[in-house]
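Participant: Take this structure first; my questions come after.
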Amino acid sequence: MSEVYDGAFRSIINKCSKFVLPFINETFGENYSGSEQIVFYPNEHFIIQNEDVDKRRITDTNFTVIGEEKKNYHLECESSSYSDNMLLRIFEYDTQIALDNSKVTEDAITVSLPHTAILYLRSSRRTPKKLKISIEVPGGKRVSYNVPVVRMKSYTIEQIFEKKLYMLIPFYIFNFEKELPACEKKEEKLKILESKFQQISDRLIGLRDKGEITALEYDTIASLSKDVINQIAKKYKSVSKGVGDIMRGPMIITEGMKIYDEGVKIGIDSGRALERDENAKIMLFDGVSDDLVIKYSGISPDRLEKLKAEMAKN
C-alpha cells in the first residue's frame, strides 16, 4: 500500500520539480524564488555488511538546490503512524547520503548531512512537530540537528493554493480518511466530499488555463490524485469512482508530454546504468570480490570486466 503513496510522492517531485521549492520554503523557512537549479540524485543505496546480508536503502528523494549557495535536502513521505523507529531510518538515510557526497583527501573525509524533513500523510497527537538527532563525537562534544515534520492534515486547500504547495494535492484525500465509510453509505455526505474535490479540480484547471502550471503538471497532479484516491478508498467504490473521476478530470495529452515521458524513460534507464557503474566502481576500489560486485550492483559480468579495464588504465 505504501508503495503507491511513495511512488506518487517521487513522481510529483520528479515530474513537477518547480513545486519542490515552495514546499522547501514552507518547511525550512527558506526564500527560494523559483529560479534556482535543482539537481536530483539516485534514491537507491546499497549497504554491504557481510557476505550474507544484502541491505538496500531507498530514500524518497534527495537533491541539491543551487542558488546563492548550495544546499542538500532529503525528503521522506510516510503513510504509517509515527514510531521511534523512524528516527533510526532517517539517520541511516542521512548518513548514507552524506557518504555519497563526501569529500575525501589523503588523510581526511568531510561529510555533510542534508536538510531533512518528513511529510506525514497520517498523524495523531503522538506525531511530533519535529524530530531531533544528536551526534556525540569523541571528546564529548555533541552536535544536534532538527528534522521538521509536516502534517498533511495541518493544511487546508486554501493554504495549499495560497502557498503553492501543489505537491500536497494528491494526498489531500487523507484529510477525509475517517469520513470515507460514512460517505460510502450516505449520498449527501459523498456529494459534499465530491464538491470539495470539484473545487480543487476547477482551480487546477484555472491555473493550467492561465499558464501558471503546465498541461503536464496539471495531468500529473490529476492522475496521481486519482491513484491515491483509488488506493485509500479501494473498499469504498462510490467514493473511489465519484471523487477519483472528478480529480482525473479532462486529461490533455500534448506532443510535449509524449516527448517528456519518452525522455524520462530514457533518462531513468541511463541513470540506473550510471548508478550501477558507480556502485560497482566503489566496491571494486574497496576490494569487494567480483561475485559480490555483480550481486550488489546489478551489472553484468561483461560490464564488470570493462569497468576493471577502465580503472586499470586510470
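Participant: Checking the condition closer than 22 Å to N25 by Cβ, among the aliphatic types (A, V, I, L, M), part of a helix (DSSP H, G or I) and out of contact with any Pro (no Cβ under 9 Å at 6 or more places or on another chain), which residue from I213, I221, I200, I173 passes? Walk me through it before giving the result.
Facilitator: Values: I213 fails: part of a helix (DSSP H, G or I); I221 fails: out of contact with any Pro (no Cβ under 9 Å at 6 or more places or on another chain); I173 fails: closer than 22 Å to N25 by Cβ.
Being closer than 22 Å to N25 by Cβ, among the aliphatic types (A, V, I, L, M), part of a helix (DSSP H, G or I) and out of contact with any Pro (no Cβ under 9 Å at 6 or more places or on another chain) holds for just one of I213, I221, I200, I173, which is I200.
Participant: Follow-up. Assess whether R125 counts as being assigned by TED's automatic domain parsing to the domain that holds N14 and under 21 Å from F171 (Cβ atoms).
Facilitator: Numbers: assigned by TED's automatic domain parsing to the domain that holds N14: yes; under 21 Å from F171 (Cβ atoms): yes.
So R125 fits the description; yes.
Participant: Select from the stretch 75-88 the residues that are under 22 Å from F171 (Cα atoms) and loosely packed, with under 15 Cβ neighbours inside 10 Å and list them in ascending order. Working first, answer last.
Facilitator: Here is the first cut: in the stretch 75-88, the ones under 22 Å from F171 (Cα atoms) are 75-83, 86.
Scanning the stretch 75-88 gives S80, S81, S83.
Participant: Please go through the stretch 89-136 and pick out each residue that is loosely packed, with under 15 Cβ neighbours inside 10 Å, modelled with pLDDT of 90 or more and assigned to a strand (DSSP E or B).
Facilitator: If the condition is that a residue be loosely packed, with under 15 Cβ neighbours inside 10 Å, modelled with pLDDT of 90 or more and assigned to a strand (DSSP E or B), then I109, T110, K130, K132, S134, I135, E136 are the ones that fit.
The values are calculated or read from the model by the stated rules, or taken from the named source; none is laboratory data. Remember, predicted model here, so these are calculated numbers, not experimental data. Neighbour counts are summed over all protein chains in view; Cβ atoms, including those assigned to glycine, are modelled from backbone coordinates with ideal geometry.
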